[in-house]
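> Here it is, the structure, as structure tokens.
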Amino acid sequence: MIKEINLRIRYGETDQMGYAYYGNYPQYLEVARVEWLRSLGFSYKKMEADGIMLPVISLNIQYLKPLTYDENITVKIYLKKTPTVRIEFDYEIFNEQKVLCSKANTQLVFVNMHNGKPVSAPDYLIERIKNETA
């Protein structure tokens, strides 16, 4: 499954060189994840209401080219395998000229909010993913 999200680099997200500050990239990835989930008809809010949280356990970012102030960027998010207790996403971030500027990967784990233990991905999420990829 692939989803594309468009964002604009805001002034407050840049450093003195006018480049997007590296520490903001995880937020761009989070926006992509939230929108990916929303595109399936769900939200983090619903999962949390169901007693499931989804913390990031691994984050890897490769910075290839800088993103600049007021640039409209595209974040592509890829889900390559069906989630189990973990869900893994790959990302590519492109600038306005469609040049690949960053690659990233995150791994998250489904956790029961009441006891803090890992749980399987919700059935409704698995079913929706299967329907989208069929």
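> When the helix-only estimate is applied to the chain (DSSP H runs of n ≥ 4, each -39,500 (n - 2.57), divided by the residue count), what is the mean residue ellipticity at 222 nm, nearest 500 deg cm²/dmol?
-7000 deg cm²/dmol
> Starting at the first residue of the stretch 13-22, write each ³J(HN,Hα) from the Karplus equation 6.51 cos²θ - 1.76 cosθ + 1.60 with θ = phi - 60°, in whole Hz, x for Gly and Pro.
Couplings: 8, 9, 9, 5, 8, x, 8, 4, 5, 4 Hz.
> Also: Taking the dipole about the Cα centre of the chain, with the C-beta of Lys and Arg at +1 and of Asp and Glu at -1, give me whichever of Pro66, Ala49, Val31 is farthest to the positive side.
Ala49
> Let me ask you something else. Which of the chymotrypsin sites (Phe, Trp or Tyr not before Pro) found in the stretch 47-93 are loop residues per DSSP with 12 or fewer other Cβ atoms within 10 Å of their Cβ?
Passing both the DSSP loop test and the Cβ count: no residue.
> Now, a different point. Using the number of other C-beta atoms within 10 angstrom as an exposure proxy, rank Thr106, Thr74 with the fewest first.
By the 10 Å Cβ count, ascending, the order reads Thr74, Thr106.
> Also, quick follow-up: Counting other beta carbons within 10 Å of each residue's own, what order do Arg33, Arg86 fall into, fewest first?
Least crowded to most crowded, the residues run Arg86, Arg33.
> What does a probe at Asp50 reach in the stretch 95-134, counting residues whose amide N is under 13 Å from the point 7 Å along Cα→Cβ?
Answer for this model: 110-113, 119-130.
> Rg (Å, one decimal) plus Dmax (Å, integer) for the alpha carbons of the chain?
So, for the chain, Rg and Dmax equal 15.8, 47 Å respectively.
> Quick one: which residues, 5 or more positions from Tyr69 or on another chain, have an amide H under 5 Å from its amide H? H modelled 1.01 Å from N in the peptide plane, none for Pro or chain starts.
Sorted by chain and number, the residues that satisfy this are Ala20.
> Which ³J(HN,Hα) values in Hz, rounded to whole numbers, follow from the phi angles of the stretch 55-64 under the Karplus curve 6.51 cos²θ - 1.76 cosθ + 1.60, where θ = phi - 60° and Gly and Pro get x?
Using θ = phi - 60°, the values come out as x, 6, 10, 8, 9, 9, 10, 10, 9, 9 Hz.
> Quick one: Cα centre-to-centre distance for the stretch 102-134 and the stretch 35-63, in angstrom?
Each part reduced to its Cα centre gives a spacing of 8 Å.
> Could you please rank Lys103, Lys3, Lys98, placing first whichever residue has the fewest other Cβ atoms within 10 Å of its Cβ?
Least crowded to most crowded, the residues run Lys98, Lys103, Lys3.
> For the stretch 56-116, which GluC sites (Glu not before Pro) pass both filters: DSSP loop (anything but H, G, I, E, B) and at most 12 other C-beta atoms within 10 Å?
Taking the stretch 56-116 and a limit of 12 other Cβ atoms within 10 Å, no loop GluC sites (Glu not before Pro) are found.
> May I ask which of Lys81/Lys117; Lys80/Lys103; Lys65/Lys130; Lys46/Lys103; Lys46/Lys81; Lys3/Lys65 have a Cα-Cα span longer than 24 Å here?
Where the Cα-Cα span goes over 24 Å, the pairs concerned are Lys65/Lys130; Lys46/Lys103.
> Sequence-distant or interchain residues sharing an amide H contact under 5 Å with Cys101, placed H: which?
Amide H neighbours of Cys101: Ile93, Phe94, Asn95.
Coordinate-derived values only; no laboratory data. Please read all numbers here as calculations on a predicted model, not as lab measurements. Here Cβ is always computed from backbone atoms with ideal geometry, including for glycine, and neighbour counts include all displayed protein chains.
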